[in-house]
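*Asks:* One structure coming up, written as C-alpha cells, with questions to follow.
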Amino acid sequence: IRTGSSSGEGARAVPGVPGEGRTMTEFVESLEAPGEGDAEEEGPDLLFIRRPQDGQPVGTVPVDGVDEVRQAVIRARRAHEGWAALPLADRIRHLARLRGVVARRAEDIADRIEAETGKPRVEALAEVALVTGLMRHLERRAPRVLGARRPAGGGVFARGARVEREPRGVVGVLAPWNYPFVLTAEPAFTALFGGNAVVLKPSERTPFTGSVLPELLEEAGLMSGLLEVVQGRAETGEALVTAGVDHLHLTGGGATGRKVLQAAAPRLLPVSLELGGKDPAIVLADADLDRAARGIAFGAFFNAGQSCVAVERVYVEEEVAEAFLRRLARVASELRTGTGGEVDLGPVATEEVLERIEAQLEDAVELGARVLCGGARLDPASNVFFPTVVADVTDRMRIMREESFGPVVPVMAVRDADEAVKRANAHPMGLWASVWTRDRERGVAVARRLRCGGVSVNDALGHWAAPALPFGGTGESGFSSMRGDEGLRTFTRPRVIVARGGRRRDAPWWFPYRPRTRRFVRAVTAWHGEEGLLRLTRAVGALFGRGER
C-alpha cells in the first residue's frame with residue numbers, strides 16, 4: 001500500500017506496512033502485540049490506523065494540508081480537460097477495463113476493508129461486488145442518459161435544439177468509514193462516467209482502502225491525475241470544500257452536512273448530500289412473523305448495524321407484538337458474533353459508536369425498556385457488541401430519537417398501521433423504510449404514506465444490490481439521488497444547443513415589432529390555450545388577424 005497523496009509526494013515507508021510482494025492478509029496475520037516501548041504515532045501530521053478487531057497497528061498515513069489539497073485539485077483539473085474531451089464511447093471503454101481490474105483485485109480490496117473496519121469477510125467482498133455491479137449498469141445506461149437528445153415538444157422555438165449532459169468539472173468526494181470501498185468508489189466512478197475528474201478524501205479511519213482507488217485507475221491505464229486522493233481529518237475535508245472543486249458530494253452525518261453547506265454557500269458550490277437515517281420497519285398483524293424477524297434482523301445487524309439504511313426502529317401491531325419479539329430475539333441470539341472466523345457480526349468500528357449505544361441503552365432501561373437479548377460487549381475491553389433487541393420503548397427514549405449506528409434495534413407496539421405511519425413520519429430523518437405483510441398490495445399502500453426516499457415491502461437492504469434504483473433521502477437524511485441514472489445526472493449538468501439554419505434574414509418575433517408580430521404571439525397563445533380542432537382554428541385565425549383589435 002502506498003501512503004500519502006496519490007501523486008506519491010510525501011509518501012513514507014512505515015514499519016509494518018506491507019510493501020511489494022506482501023499482501024494485506026499476510027501483513028495482518030503477521031501482526032504481533034506492540035511491545036512496551038511502542039507508542040502510537042498519531043499526531044497532527046499523521047494518521048495512525050489500528051484494527052478494530054484487536055487494536056493491532058495497520059500503518060500510518062501522512063495528513064495532507066491545504067496546499068497539498070489545492071495541488072491535488074489542480075492536477076485533477078488538468079486531467080479533466082483530456083478526459084472530458086474523449087468521446088463518451090471511449091470513456092466507457094476505459095471504465096469497462098477499470099471494472100475488470102476492480103474484480104481481479106477483489107481479495108486485496110477486501111483485505112484492506114477487513115483490516116480497517118473488522119467486518120466479516122463476506123461483507124468486505126460484498127462491497128466489491130456492489131461496485132462492479134454498478135459499473136456494469138452504468139456502462140449500459142450512460143449512452144442513453146448522457147447522450148444528446150431532442151427535446152420532447154417545444155414547438156417552433158425548440159426547432160434544431162439538442163439537450164446533452166456535460167461534466168461539472170472536478171468533483172470532490174468526502175467519504176465515510178462504514179463502507180470504505182462502496183461509498184468512495186461509487187460516487188467517484190459515477191463522476192468519472194460523467195466526464196469529471198475526482199478528488200477523494202477517504203475517512204481518516206479508513207485511509208488505506210481509499211488509497212486503492214488511484215492504484216486501480218493506474219492499473220487500468222487511465223490517465224494520471226484523474227482520481228486524486230487526499231488524506232486527513234476534518235481540516236483536510238474543509239480544505240477540499242474551499243479548494244476550487246466544481247461539485248462536492250458528502251456521505252456522512254447531519255452535523256457534517258450542515259458544515260459543508262455553510263462552507264459551500266458563499267461559493268455557490270453545488271452539493272449532494274447522503275446523510276444518516278433512523279429507518280423504520282412496520283410489521284402488520286398479517287405478516288409472516290418468521291420472515292419479518294429474520295429480515296429485520298438482517299436489516300438491523302448487517303455490518304454490525306453501521307449502515308445509514310439499517311433498521312433502527314420497529315413498529316409492530318400490538319396483537320402480534322409479543323410473538324414477533326420472541327422470534328426477533330431468538331434470531332438475534334443465534335447470530336455468531338466475534339472478531340474472526342465464520343461470524344455474522346464483527347466489531348463496532350469506533351469507541352464513539354460503542355459509547356453512544358451504551359448510553360442509549362442505559363437511558364432506555366432507566367425509562368422502563370426491557371433488553372431481551374444482547375445489551376453488552378463480548379467482554380469489557382472488547383469493541384464487539386452483541387446484537388441487541390429492546391422492547392417497551394417510548395418516544396421519550398434516546399434510542400428512538402437518535403441514530404444508533406450499531407447492532408441495536410428498539411421495538412414499539414402500536415395500535416394499527418395508521419399509528420405506525422404517523423410515528424414513522426414524525427422523525428426528521430427520512431432515508432428508507434420497510435413494511436412487512438402477507439398482503440403485498442396493502443404493503444404498497446402503506447409504503448406510499450411514508451415520508452422517505454424509498455420503501456421495501458417484505459425485504460430489507462436488498463434494494464442496495466440493485467444499481468438501477470435511485471438512492472437518496474428527505475429531511476435530515478439529505479437531498480439529491482445517487483446510483484443508477486440519477487447518479488449520472490447528479491454529477492453532470494444539462495447543456496442546450498439550438499442550431500438553426502442561417503438563410504432567413506429574421507424571425508417573426510425579432511425587432512422591429514409589426515402587426516405580424518402581434519398576430520404571431522396571439523396565435524402561439526391560442527395554440528397553447530385550446531384543445532382539439534378548436535386549437536387549430538383559433539391559432540390559424542389569430543395568425544391571419546381574425547378578430548384582431
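The values are calculated or read from the model by the stated rules, or taken from the named source; none is laboratory data. Note that the structure is a prediction, hence the values are computed from the model and not measured. Positions of Cβ are backbone-derived with ideal geometry, glycine not excepted, and every protein chain shown enters the neighbour counts. For accessibility, only protein heavy atoms count, side chains too; no ligands or nucleic acids. Shrake-Rupley method; radii C 1.70, N 1.55, O 1.52, S 1.80 Å.
*Asks:* Condition first: closer than 20 Å to Ala79 by Cβ and surrounded by 23 or more Cβ atoms within 10 Å (Cβ to Cβ). Now tell me which residues in region 244-270 satisfy that.
*Replies:* Val245, His247, Leu248, His249 - these are the residues of region 244-270 that are closer than 20 Å to Ala79 by Cβ and surrounded by 23 or more Cβ atoms within 10 Å (Cβ to Cβ).
*Asks:* Identify, from the list Glu127, Glu107, the residue that is acidic (Asp, Glu), surrounded by 22 or more Cβ atoms within 10 Å (Cβ to Cβ) and part of a helix (DSSP H, G or I).
*Replies:* Exactly one residue qualifies, and that residue is Glu127.
*Asks:* Condition first: assigned to a helix (DSSP H, G or I), open to solvent by less than 10 Å² (accessible area, probe 1.4 Å), in contact (Cβ under 8 Å) with a residue 12 or more places away in the chain and not small (Gly, Ala, Ser). Can you find one or more residues in region 167-183 that meet it?
*Replies:* yes
*Asks:* Related question: Please count how many residues of region 492-538 are part of a strand (DSSP E or B), charged (D, E, K, R) and either surrounded by 14 or more Cβ atoms within 10 Å (Cβ to Cβ) or without any contact (Cβ under 8 Å) to a residue 24 or more places away in the chain (or both).
*Replies:* 1
*Asks:* Kindly provide the set of residues from region 279-299 that are in contact with a helix residue (DSSP H, G or I) (Cβ under 8 Å, 6 or more places away or on another chain), open to solvent by less than 10 Å² (accessible area, probe 1.4 Å) and not in a strand (DSSP E or B), ordered by number.
*Replies:* Leu284, Ala287, Ala292, Ala293, Ile296, Ala297
*Asks:* Is one or more of the residues making up region 144-152 closer than 30 Å to Thr256 by Cβ, open to solvent by less than 10 Å² (accessible area, probe 1.4 Å) and in contact (Cβ under 8 Å) with a residue 40 or more places away in the chain?
*Replies:* No, region 144-152 contains no residue that is closer than 30 Å to Thr256 by Cβ, open to solvent by less than 10 Å² (accessible area, probe 1.4 Å) and in contact (Cβ under 8 Å) with a residue 40 or more places away in the chain.
*Asks:* Moving on. Pull up region 304-338, narrow it to residues that are in a strand (DSSP E or B) and either aliphatic (A, V, I, L, M) or without any contact (Cβ under 8 Å) to a residue 12 or more places away in the chain (or both), then point me to the one that is farthest from Pro387 (Cα to Cα).
*Replies:* Top of the filtered list is Val316.
*Asks:* Provide a single number: the residues in region 198-226 that are open to solvent by less than 10 Å² (accessible area, probe 1.4 Å) and not in a loop (DSSP other than H, G, I, E, B).
*Replies:* 11
*Asks:* Next up: Of the residues that make up region 238-248, is at least one touching a Phe, Trp or Tyr at 6+ places or on another chain (Cβ under 9 Å) and either in contact (Cβ under 8 Å) with a residue 60 or more places away in the chain or more than 24 Å from Arg483 (Cα to Cα) (or both)?
*Replies:* yes
*Asks:* Out of the residues in region 62-78 meeting the condition of being open to solvent by less than 40 Å² (accessible area, probe 1.4 Å) and within 25 Å of the chain's Cα centre (by Cα), tell me which one is farthest from Leu488 (Cα to Cα).
*Replies:* This residue is Val63.
*Asks:* Considering region 350-370 alone, what residues qualify as being surrounded by fewer than 18 Cβ atoms within 10 Å (Cβ to Cβ) and of a type in the set (A, V, I, L, M, F, W, C)?
*Replies:* Matches in region 350-370: Ala359, Val365, Leu367.
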